[in-house]
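K.L.:
Please read through the structure below; I'll follow up with questions.
The values are calculated or read from the model by the stated rules, or taken from the named source; none is laboratory data. None of these values were measured; they are calculated from a predicted model. As a convention, Cβ positions derive from the backbone with ideal geometry for all residues, glycine included, and neighbour counts pool all protein chains shown. Surface accessibility is based on the protein's heavy atoms, side chains included, excluding ligands, DNA and RNA. Shrake-Rupley method; radii C 1.70, N 1.55, O 1.52, S 1.80 Å.
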Amino acid sequence: MNIMLLGAPGAGKGTQSKYLIEKYGIPQISTGDILRAAVKEGTELGIKAKECMETGALVSDEIILGIMKDRLAEADCQNGFILDGFPRTIAQAEGLETMLNAMGKKLEKVIALAVEDSNLIDRLTGRRVCLACGGSFHMVYNKPKKDGICDYCGKELVQRKDDNVETVTNRLEVYKNQTAPLIDFYKARGVYFEVDGTKEIDSINADITSILERK
């Protein structure tokens, strides 16, 4: 089961990924995670990526696709994977498609979480995250059991520096300009599906499961 979750920042991709990992036993793969891992491991592509990041340059599509190829070839991806936050652009989507074809794989379903901008701004500015385990909570919609403490590992929850109205609004504009065109790209391939990302978490889980298990 090779799938991709598509949606603006704050749409709930991370929350739904955790559910899918547990249910289907396949890994979640995000660009940020694999870049950091490649840099830490000192791979050839990781060294190139580090040079870009240290100089403030964008990491090229070629480097990102190369690192992604290495990641998808690992043993835990043999039964499938969940792409989260990648691809971000049409160029990356085309590169991913070519790469998967060469590996004898294909992206089976792209599921978008649809949420209005005003809702996303409320979500992101109220979000609190755990830097230790990656747990994500919200001061209104998904409160931790104990105020300021992660339910999963007991560490302190913090607000990300970029979770403010101005920065969030800019991030949403970038998403619309760069990533939203992927909707038409994947619709043309017959693999695009959309769910209402404003429902309760369990209801969204059920909608996604229904799509994934649809023949």
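K.L.:
Would you confirm, using the coordinates I've provided, whether Gly32 is touching a strand residue (DSSP E or B) at 6+ places or on another chain (Cβ under 7 Å), in a helix (DSSP H, G or I), touching a residue at least 24 places away in the same chain (Cβ under 8 Å) and under 24 Å from Leu157 (Cα atoms)?
P.N.:
Here the answer is no, as Gly32 does not meet what is asked.
K.L.:
Can you find a residue in segment 74-88 that is open to solvent by 30 Å² or more (accessible area, probe 1.4 Å), in contact (Cβ under 8 Å) with a residue 40 or more places away in the chain and either of a type in the set (Lys, Arg) or in contact with a His (Cβ under 8 Å, 6 or more places away or on another chain) (or both)?
P.N.:
Yes; the residues of segment 74-88 include at least one that is open to solvent by 30 Å² or more (accessible area, probe 1.4 Å), in contact (Cβ under 8 Å) with a residue 40 or more places away in the chain and either of a type in the set (Lys, Arg) or in contact with a His (Cβ under 8 Å, 6 or more places away or on another chain) (or both).
K.L.:
Just wondering, is there one or more residues in segment 40-53 that are within 30 Å of Val140 (Cα to Cα) and open to solvent by less than 30 Å² (accessible area, probe 1.4 Å)?
P.N.:
No, that holds for no residue.
K.L.:
Continuing with the same structure: Inside segment 150-161, can you point out the residues that are open to solvent by less than 60 Å² (accessible area, probe 1.4 Å) and in a loop (DSSP other than H, G, I, E, B)?
P.N.:
The answer is Cys150, Cys153, Gly154.
K.L.:
Name the residues in segment 186-215 that are open to solvent by less than 30 Å² (accessible area, probe 1.4 Å) and assigned to a helix (DSSP H, G or I), would you?
P.N.:
Tyr186, Ile204, Asn205, Ile208, Thr209, Ile211, Leu212
K.L.:
Mind listing whichever residues of segment 53-87 are among the small types (Gly, Ala, Ser) and either at pLDDT below 85 or assigned to a helix (DSSP H, G or I) (or both)?
P.N.:
Gly56, Ala57, Ser60, Gly66, Ala75, Gly85
K.L.:
Residues of segment 173-206 being closer than 20 Å to Met139 by Cβ and either among the polar types (S, T, N, Q) or touching a residue at least 12 places away in the same chain (Cβ under 8 Å) (or both), which ones?
P.N.:
Listed by number, the residues that qualify are Gly197, Thr198, Ile201, Ile204.
K.L.:
Does any residue of segment 173-185 turn out to be open to solvent by 90 Å² or more (accessible area, probe 1.4 Å), over 18 Å from the mean Cα position of the chain (by Cα) and modelled with pLDDT under 90?
P.N.:
No, because not a single residue in segment 173-185 is open to solvent by 90 Å² or more (accessible area, probe 1.4 Å), over 18 Å from the mean Cα position of the chain (by Cα) and modelled with pLDDT under 90.
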